[in-house]
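Each reported figure results from applying straightforward, stated rules to the coordinates on display, with no laboratory input. Predicted, not measured: the structure shown is a model, and the values here were computed from it.
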Amino acid sequence: MQNAEPDRDTEQNDTGESRRVPLDTVRTGFRTLVRQFLAVLGLVLIVIAIPIAFVTPFLPIGLPIAIVGVVLLGRNAIWGRRWMEGVLERNPRVERFAPNWLMRAVFGREKRPR
């Protein structure tokens with residue numbers, strides 16, 4: 001017995017022939033686009049957090065914005081993670097001030113002993 005409903009992954013062209021639509025390719029491309037958007041958003045949040053931190057010195061508004069930006073950048077882009085690892089290599093004091101939960105959230109590892 002043949003299934004009456006058409007396959008979700010097929011499409012008919014003008015000549016009546018059916019061809020496969022690569023939905024996995026579309027989904028993968030969309031996921032990549034969303035991840036890159038989140039990474040760029042994280043970078044923008046980091047850049048915005050710096051002047052906000054100077055404008056509001058007694059209220060730590062810039063710090064949570066920077067933390068969200070770092071997490072977004074580190075979790076969604078290889079280039080962002082590499083850039084931040086390079087910053088940590090050049091400036092070991094930055095990693096010393098970072099809490100363990102932040103290092104696990106961004107890099108998936110504990111802090112390095114110095």
Open item on the list: Report the Rg/Rh value for segment 35-107, based on alpha-carbon coordinates and the Kirkwood definition of Rh.
Closed with: 0.97
Task: 3J(HN,Hα) from dihedral phi, segment 35-52, Karplus parametrisation 6.51/-1.76/1.60, rounded to Hz, x for glycine, proline - done: 5, 5, 4, 5, 5, 5, 4, x, 5, 5, 5, 5, 5, 6, 5, 5, x, 5
